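Asker: Dropping a structure here in structure tokens format, bear with me for questions.
Just so it is clear, none of the values below were taken in a lab; they were calculated from the coordinates. These figures come from a predicted structure and were not determined experimentally. So basically every Cβ, Gly included, is an ideal-geometry build from the backbone, and we count neighbours across all protein chains shown.
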Amino acid sequence: QQQVKQSPQSLIVQKGGIPIINCAYENTAFDYFPWYQQFPGKGPALLIAIRPDVSEKKEGRFTISFNKSAKQFSLHIMDSQPGDSATYFCAASAGAGSYQLTFGKGTKLSVIP
Amino acid sequence: NAGVTQTPKFQVLKTGQSMTLQCAQDMNHNSMYWYRQDPGMGLRLIYYSASEGTTDKGEVPNGYNVSRLNKREFSLRLESAAPSQTSVYFCASHPGLSSGALHFGNGTRLTVT
């Protein structure tokens with residue numbers, strides 16, 4: 001049973017565009033929702049994270065939108081650049097002190113000049 | 001500051017051979033994890049160690065064993081490798097704080113023929 005569903009699987013945008021990656025979850029106990037960025041040959045690295053007490057969080061060009069009632073959250077990348085080309089994973093975990101992340105299957109983003 | 005170091009980076013095994021993947025972190029983190037990454041499958045948790053002296057199964061533990069040697073080191077052993085274990089293996093660590101991030105190594109690419 002996949003607990004975090006991520007879409008799309010791949011995404012191609014022009015430089016300056018705003019790619020949007022969506023995730024949906026089933027477990028209502030989830031209370032921490034991070035996004036990880038992975039470049040080829042490297043391990044994933046934390047990009048931005050949100051908790052369900054807020055509906056939006058921005059860090060630089062990256063924004064998470066969170067809809068608790070719909071059990072959905074999404075990543076928006078403003079003014080995307082070729083250097084943003086990477087694979088992005090959403091994830092979720094439940095309970096204070098629980099760091100067992102359940103990951104989505106990933107979205108491969110290509111930003112073309 | 002090395003972070004999370006995994007060895008080896010690449011390995012080819014024949015079916016039935018055994019090997020141990022090594023992981024060490026220098027961030028004084030309490031928790032350590034082993035994930036496998038397969039195309040289109042995201043990252044799946046194999047085993048984790050919430051603190052020195054404890055280990056627990058994750059989502060896909062069959063065919064693997066782990067040892068938390070000390071606070072720094074967490075190894076993953078394949079006793080009898082199978083082609084289904086061909087994957088990229090990532091070790092990660094977490095400080096154990098609610099605001100902390102999961103830190104990943106750069107992975108071990110394992111091929112079982």
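Asker: State the number of lysine pairs found in segment A:7-113 whose Cα atoms come within less than 19 Å, restricting to pairs 8 or more positions apart or on distinct chains.
Answerer: For segment A:7-113, the number of qualifying lysine pairs is 7.
Asker: Size of the dipole of segment B:59-113 about the Cα centre, Lys and Arg at +1 and Asp and Glu at -1 on the beta carbon, nothing else charged, in debye to 20?
Answerer: Magnitude of the dipole: close to 180 debye.
Asker: Sticking with this one: Quick one: dipole size for the protein assembly as shown, taken about the Cα centre, charges +1 on Lys/Arg Cβ and -1 on Asp/Glu Cβ, in debye to the nearest 20.
Answerer: The calculation lands at about 340 debye.
Asker: Considering only the other residues whose Cβ falls under 10 Å of the Cβ of B:Glu59, what net charge follows from Lys and Arg at +1 and Asp and Glu at -1?
Answerer: Residues close to B:Glu59 contribute a combined charge of +3.
Asker: With θ taken as phi - 60° and the coefficients 6.51, -1.76 and 1.60, list the Karplus ³J(HN,Hα) couplings across segment B:55-67 in order, rounded to whole Hz; mark glycine and proline as x.
Answerer: 9, 9, 6, x, 6, 10, x, 4, x, 10, 9, 10, 9
Asker: Can you give me the long-range amide H partners of A:Ile48? Hydrogens built in the peptide plane at 1.01 Å from N, cutoff under 5 Å, separation of 5 or more residues or another chain.
Answerer: Those lying under 5 Å, H to H, from A:Ile48 are A:Trp35.
Asker: Here's something else I'd like to know. Could you derive backbone 3J(HN,Hα) for segment A:54-70 from the dihedral phi with the Karplus parameters 6.51, -1.76 and 1.60 (θ = phi - 60°), listing whole Hz in sequence and x where the residue is Gly or Pro?
Answerer: The phi angles translate into 10, 9, 7, 9, 10, 9, x, 8, 9, 10, 9, 10, 10, 10, 5, 5, 8 Hz.
Asker: What does the charge count around A:Ser80 come to, taking other residues whose C-beta lies under 11 Å from its C-beta (Lys +1, Arg +1, Asp -1, Glu -1)?
Answerer: Local charge sum for A:Ser80: 0.
Asker: Once the Cα gyration tensor of the protein assembly as shown is found, what semi-axes does its equivalent ellipsoid get, as square roots of 5 times the eigenvalues, in whole Å, sorted largest first?
Answerer: 29, 20, 16
Asker: Go through segment A:16-32 residue by residue and turn each phi into a ³J(HN,Hα) via Karplus (6.51, -1.76, 1.60, θ = phi - 60°); whole Hz please, and just put x for glycine and proline.
Answerer: x, x, 10, x, 10, 10, 10, 9, 10, 10, 10, 7, 6, 7, 4, 9, 8
Asker: A follow-up question, please. Enumerate the amide H contacts of B:Ser31 below 5 Å, restricted to partners 5 or more residues apart or on another chain; note that Pro and chain-start residues carry no placed amide H.
Answerer: Amide H neighbours of B:Ser31, under 5 Å, 5+ apart: B:His94, B:Gly96.
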